[in-house]
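See below for the structure under consideration.
The values are calculated or read from the model by the stated rules, or taken from the named source; none is laboratory data. These numbers come from a predicted model, not from an experiment. All Cβ positions, glycine included, derive from the backbone under ideal geometry; neighbour counts span all protein chains shown.
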Amino acid sequence: MKQQLMRRGARGVAGALGGVAVVAVCVWLCGEVRAQTHEVQVGTRDVPNNVAKATGEGARVLAGTWTLVAADVQHPDGSRARDYGADPKGMLVIDAAGHYSLQIFKSERPGFASGDKAVATPDEYKAAVMGSSTHFGTLSVDPVAGTLTFHIQNASFPNWQGLAQKRSYELTGDVLSYRVTPRPNGDVPISIWRRID
């Protein structure tokens, strides 16, 4: 009976959080808190067991605070350019359990002339949206395959909410780099991070 309640609780929390792939649920039973981790479906896809099992160990390898070194884009013709301006700013925080929060900002974003977030021109709104990328959720890592997957709970781009996005990554010392899912026009964003903590 207790196990059934715990499984139902995990599924309920996962649904409320928009399809997070791995949900840690704390259930208060018999005067103690027990942590349970459950796999749940993301849309119609299940998280493969080998990836789910790699989450803990892989996440520990990447755990820490990372500062953005570069946010580039590779075009279909092979050329590479800056994606978030000449001096992008960003932070990626990953804990040992695989929870993450990521923010990237273009330094050249103009302020709103009105000084009011609710009152801006279409160009000001566009620059604010196109000059930032933020999302958070859980991270699973498959060190053997060299892939990491962001299980996105919420994002500044609403279409990413509830998605699982896989990236090929390289970790060299305290430098992490990965290629983002290609955009509709074929551009491939490339993020490079340096661990600072």
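Some notes on this structure:
- For THR37, the conditions (1) outside the structural domain of VAL129 (by TED's automatic domain parsing); (2) of a type outside the set (A, V, I, L, M, F, W, C); (3) modelled with pLDDT of 70 or more all hold with the exception of (3).
- Residue match in segment 170-180 (condition: of a type in the set (Ser, Thr, Tyr), in contact with a helix residue (DSSP H, G or I) (Cβ under 9 Å, 6 or more places away or on another chain), in a strand (DSSP E or B) and at negative phi): no
- Residue pairs meeting the criteria (Cβ under 7 Å; at least 6 apart or on separate chains; first closer than 18 Å to LEU102 by Cα and at pLDDT 95 or above, in segment 176-190; second aromatic (Phe, Trp, Tyr) and surrounded by 12 or more Cβ atoms within 10 Å (Cβ to Cβ)): LEU176/TRP66; LEU176/TYR169; LEU176/TRP193; SER177/TYR169; TYR178/TYR169
- Residues of segment 110-157 that turn out to be touching a Gly at 6+ places or on another chain (Cβ under 7 Å), exposed (fewer than 15 other Cβ atoms within 10 Å of the Cβ) and β-branched (Val, Ile, Thr), as a count: 0
- Filtering segment 110-140 to residues that are among the β-branched types (Val, Ile, Thr), more than 15 Å from SER191 (Cβ to Cβ) and in contact (Cβ under 8 Å) with a residue 24 or more places away in the chain leaves VAL129, THR138.
- Residue within segment 162-172 that is in the same structural domain as MET91 (by TED's automatic domain parsing), in contact with a Pro (Cβ under 8 Å, 6 or more places away or on another chain) and of a type outside the set (D, E, K, R) present: no
- In segment 163-175, the residue that is nearest to the chain's Cα centre (by Cα) out of those that are free of Cβ contacts under 8 Å to residues at least 60 places away in the same chain and surrounded by 11 or more Cβ atoms within 10 Å (Cβ to Cβ) is GLN165.
- Members of segment 79-109 that are over 15 Å from the mean Cα position of the chain (by Cα), in contact (Cβ under 8 Å) with a residue 60 or more places away in the chain and assigned to a strand (DSSP E or B): ARG80
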